Amino acid sequence: MKLILWLWKKYLGPYKWKFIAGLTLVFIAAIISTIGPVVVGEIVYVLNPLNTDAFGNMDRLITFLLIWIGITFGRSIIVWIFRMLFEVFSQDATCLMRRDLYVKLHEMDFDYFSANKVGDIMALMTGDIDAVRHFAAGVLPGIFEGSAWLGLSLFMMLRMDPLLTLILLVFVPLIGFFARRLVKTVRPTFKDIRDSFSSLNSVVAENIGGNRVVKAFVREDYEIEKFQKQNLDFRKKNLASTWVWAKYLPLLDSFSASLSAVVIVVGGIFVINGRISIEDLVVFNGLLWMLAWPMRMFGWLLNDVQRCLASLEKIKEMMDVEPKIPLVEIDTTETAPVKGFVEFKNVSFHFEDDDSVAVLKNVSFATRPGETVGILGETGSGKSTMVNLISRFYDAVEGEVLVDGKNVKEWNARKLRDSISTVMQDVFLFSDTTAANIAFANTQASMEQIQYVAKIADAHGFIENLSDGYDTIVGERGTGLSGGQKQRLSLARALLKDPSILILDDTTSAVDMETEYRIQRDLQAISENKTTFIIAHRVSSVKDADLILVLNKGEIVERGNHESLMAEGGYYSTVYNDQIGQGGDENGK
C-alpha cells in the first residue's frame, strides 16, 4: 500500500483531474449498466402473456427497446471516453516518471554504474515503467469499475430480494480466501521474473556492445548458448508464475460462474412459489452478471497489481538512492572562474567495494595554471583514478584534493566539472554527426570554432575525407572509425570546451608517433593558461611536461622533469631508453 501511495503522490496525483473525470465517467457507466437489466425486465413484462395489463402493448415495447438501445450505445461512448482519459492519464504519469528516472540516472556517480548492469537499468526504464502504465491505464480503472458494479448490483439485488442475495453472498468469503492466497504466492514470482528479465537484457546489451570481440574470437556459439541459458531461465520464471495463477484463477472463476446456477435453481423455486415474478428473475439474472464479472476479474486484477508492485519496488529503490557526490544547480552568483591551481595533500583512495586494496597512497604534488603534469606508470598503478579525483568523480578517502586552494568537496560539482575537460581512456562517441560530437559541450559553437579545434587534434584532414565531411553520421560508439580517429575526435571535443584544466588520459595511444608529435606541438600553443594533465605510456607524450610523476601501486615513486628523472636512472629513464633509445629522435620522428 505504501508503494501505491508513493506512486499517487509523486506521479498520479499531479494529473488527478483527469483521474477524477475518468472515475466520474466510470461510475456513470456503472449506473447506466444497472439500468439495462431493469429495462430488459420491462421488455419481458410486456412480452409475458400473464401480464394482461401490458401484454401486446407495442408502444410500450418499442419505447423500452429504444431505451435499451440508447443505453447500450450511450454506455459504449462513455466507456470509450473514460478509457481514453485513463490512457492519457497513465501516459502523462509515466512520462513524468521516465523523465525523473533519467534525471536521477544522470545524478548517479561512478559507483552506481559500477554496481549495476546496463540490462538492469534498461529493464527499469522500459519494462518496469510499462507495468506502471498498465496499472494506471487498465488495472486502476478496472478496480473502481468492478467495485462500482459490485456495489450497485448488490444494492439493487437487496432491494429486489434480500434472501436470494444473501444466499449468493455465501461464496464471497471463499473468493476472498483464495484471492488472498493468490496475492501472497504470486508476488515473489513476479520479482523473480523481473530479475531474470534484467539479466536477459544484460546479456543482450553486452553482446551488442561487444559484437566485434565475439566475432573476432569466433565465440558466437558460446554466446548463443549463454543467451539461451538465460532465456530458458526467463521462461522457467514465467511458467512458475503462470502455474501459481493457474491454480487459483480457475477456482475464482468457478465460484463466480456458479452464481448463475444458484440464481437459476433458487430463483426458479422462488418463481414457482410466487415469491418473485419471472420478470424479477430476469432482472436479477442480468444484475448477476454485474456481480459475477468483478469477482471473475478480481484474480486477474490482483495478478496485475502484484506485477506493478514488483516493478514499483525497483523504481522506488533507484529513486531513493542518494549519490555520494550530489549534483546541484550552479550558483549563478558565484562568478569567480576556476583558475587551475591543483594540489594533492597526502591523498589516499580505495574503492568502496574493496577497501583492502589501496589504489592511491599518500599522493602529494602541486601545479599551477599553464603547467603540464605528465603521469606515467604501469597498468593499474592508479593514474586514471588520480585524475578522476580532480573532477570529483570519486572522493578521496584520506587527505585533500584542492583546486584553487579549495577542497573539491567544497566546490559545486557542476561548476568544477564545467571547468575541466577530460579525454577518457574509453572513447565514447554519440550516434550523431562528427560536428555535433565535437560540439557536444558547446552546442552553440560555430563551424569555424569546430574546425579550429579539429585541426589542433589533427582530425580535420580525415573528417574532410569522410562521405559528408563534418555532417557525416558517426555510428553508435564511433562504429566505422579507427581507434586513432575516435581519439582525435574526442580530443577536439575536449578542446572546444576551452577548460581551465585539461586531462588527457592516454589520448594518443592509438595514433602514430608523427601524428602524436603534431598534436603535442599544437597543444602546447593553446595550453599557456591551462593546467594540463597527460597520462601516457609513451614517454614522448610527457617528456616536455613541467612535472612528471611516476606511479607504482598507487604511490609516487619518482617525480621531476625529464632531465632530472633521466639523471636518476630509475623507471622513467629505463622506459625512455627502451622506447626511444639514447640516440633516437626525441620528437618521435
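Every number here is computed from the coordinates shown, using simple stated rules; none is lab data. What you see is a predicted model; the values in this text were computed from it and never measured. Here the Cβ is made from the backbone with ideal geometry for all residues, glycine too, and neighbour counts use every protein chain on show.
What list do you get for L47, L140 if you sort them by fewest beta carbons within 10 Å?
The fewest-first ordering by Cβ neighbours comes to L47, L140.
So for V575, V357, fewest C-beta neighbours within 10 Å to most, what's the order?
V357, V575
May I ask you to sort S431, S446, S384 by Cβ crowding, counting other Cβ atoms within 10 Å and putting the fewest first?
S446, S431, S384
Based on the Cβ-Cβ distance from A240 to I278, what FRET efficiency comes out when R0 is 35 Å, to the nearest 0.05?
0.10
When the dipole is taken about the Cα centre of the chain, and only Lys, Arg (+1) and Asp, Glu (-1) are charged at their Cβ, what size is it in debye, to the nearest 20?
Once rounded to the nearest 20, the dipole reads 2480 debye.
I need to check one value: relative contact order of the chain, counting alpha carbon pairs closer than 8 Å and at least 6 residues apart, in percent.
13 percent
Note down the nm distance, to one decimal, between modelled labels 7 Å out along Cα→Cβ at N577 and at S348.
The two pseudo-label positions are separated by 3.5 nm.
Can you tell me the length gained on complete extension of the stretch E528 to E464, counting 0.36 nm per residue apart and subtracting the Cα distance?
Length gained, E528 through E464: 20.2 nm.
Measure nothing fancy, just the Cα-based angle from helix 483-496's long axis to the longest principal axis of the chain, in degrees from 0 to 90, nearest 10.
90 degrees
Can you tell me the FRET efficiency between S564 and Y222 if r is taken as the Cβ-Cβ distance and R0 is 45 Å, rounded to the nearest 0.05?
Once rounded, the FRET efficiency stands at 0.30.
So what's the gap between the Cα centers of the stretch 475-525 and the stretch 427-458, to the nearest angstrom?
Comparing the Cα centres of the stretch 475-525 and the stretch 427-458, I get a distance of 12 Å.
For the stretch 516-582, with only Lys/Arg (+1) and Asp/Glu (-1) charged at the beta-carbon, what is the dipole magnitude about the Cα centre, in debye rounded to 20?
The dipole of the stretch 516-582 has a size of about 180 debye.
Let me know the charge dipole size of the stretch 98-319 about its Cα centre in debye, to the nearest 20, where only the beta-carbon of Lys, Arg (+1) and Asp, Glu (-1) is charged.
Here the size comes out at about 300 debye.
Measuring from label point to label point, each 7 Å out along Cα→Cβ, what is the L327 to A257 span in nm?
5.5 nm
Tell me the mean residue ellipticity at 222 nm calculated for the chain from its helices only (DSSP H runs of n ≥ 4, each -39500 (n - 2.57), averaged over every residue, nearest 500).
-20000 deg cm²/dmol
Rounded to whole Å, give me the distance from the Cα center of the stretch 344-407 to that of the stretch 181-195.
Using only Cα atoms to place each centre, the spacing works out to 46 Å.
Take the residue pairs K184/K316; K383/K543; K339/K406; K486/K553; K117/K486; K104/K553 and return only those whose Cα atoms are more than 23 Å apart.
K486/K553; K117/K486; K104/K553
Could you name the aspartates and glutamates whose alpha carbon sits less than 13 Å from that of K229, not counting residues in the same chain fewer than 8 places away?
Partners found: D221.
For a quick check: with amide H placed at 1.01 Å from N, whose amide H comes under 5 Å from I548's, ignoring anything fewer than 5 positions away on the same chain?
Answer set, sorted by chain and number: G374, G560, N561.
Against the longest principal axis of the chain, how steep is helix 513-526, in degrees 0 to 90 to the nearest 10, with axes from Cα atoms?
90 degrees
In nm, to one decimal, how far is the modelled label at M58 from the one at K455, with both set 7 Å along Cα→Cβ?
Going by the 7 Å Cα→Cβ label model, 9.7 nm.
Using +1 at the Cβ of each Lys and Arg and -1 at the Cβ of each Asp and Glu in the chain, identify which of L3, I390, G374 lies farthest towards the dipole's positive end.
L3
Starting from 0.36 nm per residue, how many nanometres of slack lie between D320 and F365 once their C-alpha separation is accounted for?
Gain on stretching D320 to F365: 12.4 nm.
More than 39 Å apart: what percent of Cα pairs in the chain qualify?
Everything past 39 Å amounts to 52 percent.
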